[in-house]
């Protein structure tokens, strides 16, 4: 894994990861195109979730479901914490508020349960996974508003949740929402951020789209479909809530770990967002998993190379949190 600020060199996609992505793609290809509605996509992702589970590597954490009350709606959430007999870590006082990926359309608490448990266990912190409203039923800016308000709610309830410090994280579109949540709440003390392959731009001409946008895994066409559900068919937007690469930080952003996958059309925009945060004064650690594709966080229990990458990313966040402790 490359930890440098410069883009990494490519490596062959890990065979086990490729096989898993092809199995997921086969499940989708068995459904007629005219039947692939947003609801069917959600069902398909939940049906495929068993491919990412492993009783052998399942982290030993405690889980508690709880509601997040917001104006005119309540968001489901799940709190993960290391078991009481786990050794304390420098991150033991931290709450990581996590937003799941899925193109703002699919994904929920269950699809990212293993990933959130893994992060809680290996970072040694509590993780609050938030399920926000989805497009196209709730398009932009609804999910962004949910993320910003949920993060503020967590900050207001930090002590009740058993923590003293806040961090924010997410993967893919959840990384986009995490990036907006910390930007919209810049006055809230945020110890660190963890962004797995975040969506930060709607520019399909970037080389990672044109050269690595055919899959397996996330494709250029697939990402365009998600953007259309989120923004509408025109994709017309000029708003930093939708495009983190338009953020103009008035304060120094929190220390951030940006974890990317080389075989991912979102790679270049992730590099660009890491640089934006650096230019705004943040300490940024950029990890490039050169043998991984988009979505490797969810593979952490079943693909050894993905597990190794996520552990390294978790260790990086742990170091940032340890450096800010006290």
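The values are calculated or read from the model by the stated rules, or taken from the named source; none is laboratory data. On a predicted model such as this, the values are computed, not experimentally measured, just so you know. All Cβ positions, glycine included, derive from the backbone under ideal geometry; neighbour counts span all protein chains shown.
Can you name the number of the only condition in (1) closer than 28 Å to residue 12 by Cβ; (2) in contact with a helix residue (DSSP H, G or I) (Cβ under 8 Å, 6 or more places away or on another chain); (3) in contact (Cβ under 8 Å) with a residue 60 or more places away in the chain; (4) buried (at least 23 other Cβ atoms within 10 Å of the Cβ) that residue 218 fails?
(2)
Among the listed residues 16, 45, 81, identify the single one that is more than 21 Å from the chain's Cα centre (by Cα), within 26 Å of residue 259 (Cα to Cα) and surrounded by 14 or more Cβ atoms within 10 Å (Cβ to Cβ).
Only one candidate qualifies: 16.
If you take the residues in segment 56-73 that are touching a residue at least 40 places away in the same chain (Cβ under 8 Å) and in a strand (DSSP E or B), which one is nearest to residue 122 (Cα to Cα)?
61
Per-residue answers, yes or no, for (1) more than 15 Å from the chain's Cα centre (by Cα); (2) touching a residue at least 40 places away in the same chain (Cβ under 8 Å); (3) farther than 18 Å from residue 100 by Cβ; (4) assigned to a strand (DSSP E or B):
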position: 228; (1), (2), (3), (4): yes, no, yes, no
position: 234; (1), (2), (3), (4): yes, no, yes, no
position: 237; (1), (2), (3), (4): yes, yes, yes, no
position: 254; (1), (2), (3), (4): yes, yes, yes, no
position: 286; (1), (2), (3), (4): no, yes, yes, yes
position: 310; (1), (2), (3), (4): no, yes, no, no
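So is residue 133 touching a residue at least 12 places away in the same chain (Cβ under 8 Å), on the phi < 0 side of the Ramachandran plot, part of a loop (DSSP other than H, G, I, E, B) and under 19 Å from the mean Cα position of the chain (by Cα) or not?
For residue 133, the condition - touching a residue at least 12 places away in the same chain (Cβ under 8 Å), on the phi < 0 side of the Ramachandran plot, part of a loop (DSSP other than H, G, I, E, B) and under 19 Å from the mean Cα position of the chain (by Cα) - is met.
So residue 65 clears everything in (1) surrounded by 12 or more Cβ atoms within 10 Å (Cβ to Cβ); (2) modelled with pLDDT of 95 or more except one condition, right? Which one?
(1)
Going through 282, 261 one at a time, which residue ends up being outside any loop (DSSP other than H, G, I, E, B), touching a strand residue (DSSP E or B) at 6+ places or on another chain (Cβ under 8 Å) and modelled with pLDDT of 95 or more?
Just a single option satisfies the conditions, and that option is 261.
Please go through segment 288-308 and pick out each residue that is over 16 Å from the mean Cα position of the chain (by Cα) and under 20 Å from residue 12 (Cβ atoms).
Across segment 288-308, the qualifying residues are 290, 291, 302, 303, 304, 305, 308.
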